[in-house]
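Beneath this line is the structure, given in structure tokens, with notes to follow.
Taken together, the values in this text are just the output of simple stated rules run on the coordinates, not laboratory data. Quick caveat, the model's predicted, so the values are computed rather than measured. Neighbour counts run over all protein chains shown; Cβ positions are idealised from the backbone, glycine included.
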Amino acid sequence: MKILKQTSEILTQTIDLIQLLDKSEYTYPLKVLNDSSVGQHFRHIVEFYVELINGYNHQLICYDNRKRNTNFETQQDVIINEFKNIINTLPTFDLSITIKVKSNHGLHDEDNSFSQSSILRELIYALDHTVHHLAIIKIAIQSEYKNIDLDPNLGVAPSTIRNNIKLCAQ
């Protein structure tokens, strides 16, 4: 399925980006990120996929249950291995499976709500979420680490890329 190929491509691009950064660039708190690091944003990305995989295995996804594993935000080899594991795991999923999603958009535990979704829809959500955070990471890197050459399409939604191609062709 195309979404699996697209997810693999974006996550591979994410791994490549992580490998461009040295440890201090990866972990340093940046003002442009409200004193968080790019590593913290990569951690945030990977943990959505971790919860998607956990949810698949338990028939319930709750993105609020992220472990916020600091190893992902401080150790590039750890997060790269996790991304590779995700790339290898997702193709084994039946994307048509219906799944329950638990959400809490309030400040209290009792503010939970549940909805029905599918693994396909949640994978699309995770991919959109990844592109969004890559855009934030790109802004930070362009602002703080001018020596790093970035793919101009990093963090750009595929619909925007397609639209730009159409505009250039006219």
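Between Lys100 and Thr160, what length comes free when the chain is fully extended (0.36 nm per residue of separation minus the Cα-Cα distance, one decimal in nm)?
18.5 nm
Hand me the trypsin sites (Lys or Arg not before Pro) from the range 40-98 located in a DSSP loop with no more than 13 other Cβ atoms within 10 Å, in residue order please.
Sparse-neighbourhood loop trypsin sites (Lys or Arg not before Pro): Lys67, Arg68.
Once R0 is set to 30 Å, what does the formula 1/(1 + (r/R0)^6) return for the Cβ-Cβ distance between Glu110 and Asn57, expressed as a FRET efficiency to the nearest 0.05?
That pair, Glu110 with Asn57, gives E of 0.70.
In whole Å, what three semi-axes, largest first, describe the equivalent ellipsoid of the range 2-169 built from its Cα gyration tensor (square root of 5 times each eigenvalue)?
Ellipsoid half-lengths, sorted descending, are 27, 21, 16 Å.
What spacing in nm lies between the two simple spin-label points modelled at Asn71 and Ile148, each 7 Å away from Cα in the Cβ direction?
2.3 nm
So, in nm, how far is label Ser117 from label Lys5 when the simple model puts each one 7 Å beyond its Cα toward the Cβ?
Each label point lies 7 Å from its Cα, and together they span 2.5 nm.
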